[in-house]
Amino acid sequence: MRRSILLATAATAAALAALTGCDGGDPAPSVAAAVPGAFDPAQAVANAGKEPYAVSVRATGEPDGGVITARQNLNTVNTGRREQKRADGTTLEFVTTADAEFIRGHDASGSWLKTRRSSGASEFDFGGFAPLLLAQGPAARKGMETRDGVPVYHLAGHLGLEQLAQASAPTHAMAKVQGLTGIDLDQWIDAQGRTRYVEERMVLEGKAAVARMTFSDFGPAETFDAPTGTIV
């Protein structure tokens, strides 16, 4: 139910065992000094903090038109709150705590349904994908940009099933279920190595599909308690 919009097809990411740079002996492209706040993406990823943090996420899917807004903890146990507005006008709410997941909107009662926690990392954890893109060499390094006033580095490339398997077994399994042979991924990271924007492109049932995500309002990790109200 939670994965009914497109963005869930490449959602879960796990860190790679090792961070690699450019292929072979090709030198890494120099960071353009003219771009304010320019930084080396490989260094940013290698030095990314491991401490837990919370982030707000807005995700949209095309052509289905679904929208998800969420507040999510990353670099820690998967906990958070999200709201999924579907193209048919219905809304699903999710609260993931340390020991359960709660869903509202599954029926007309307005009650919260208590379920088992989903396994694996958060669907908004893209930390494992930046190393995959960096490992593709200079072609994946699209350069510095400034978005919403923040200097970000644009990485892009195609990730096949084998590469998805390296990052996350659940993501790999889901891609196979969807009949995907891979995804095209654009990822923008900041100087702290955190994901700021993501764009996924794929073909589902013969149709082009795009999922876009924006990450903002970074802060300390938060506690997400079970929702109040009737639990069934």
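Please list, in chain and number order, the residues 5+ apart from ASP125 or on another chain whose amide H is under 5 Å from its amide H, with Hs placed from the backbone.
Under 5 Å from the amide H of ASP125 lie the amide H atoms of ALA13, each far enough along the sequence or on another chain.
Top to bottom by accessible area (1.4 Å), largest first, where do THR79, THR146, THR69 land? If you can, show how the numbers build up before the last one.
Numbers: THR79 15, THR146 85, THR69 55 Å².
These residues rank, largest area first, as THR146, THR69, THR79.
The values are calculated or read from the model by the stated rules, or taken from the named source; none is laboratory data. Not measured: the values here are computed from a predicted model. Heavy atoms of the whole protein, side chains included, go into the accessibility calculation; ligands, DNA and RNA do not. Shrake-Rupley method; radii C 1.70, N 1.55, O 1.52, S 1.80 Å.
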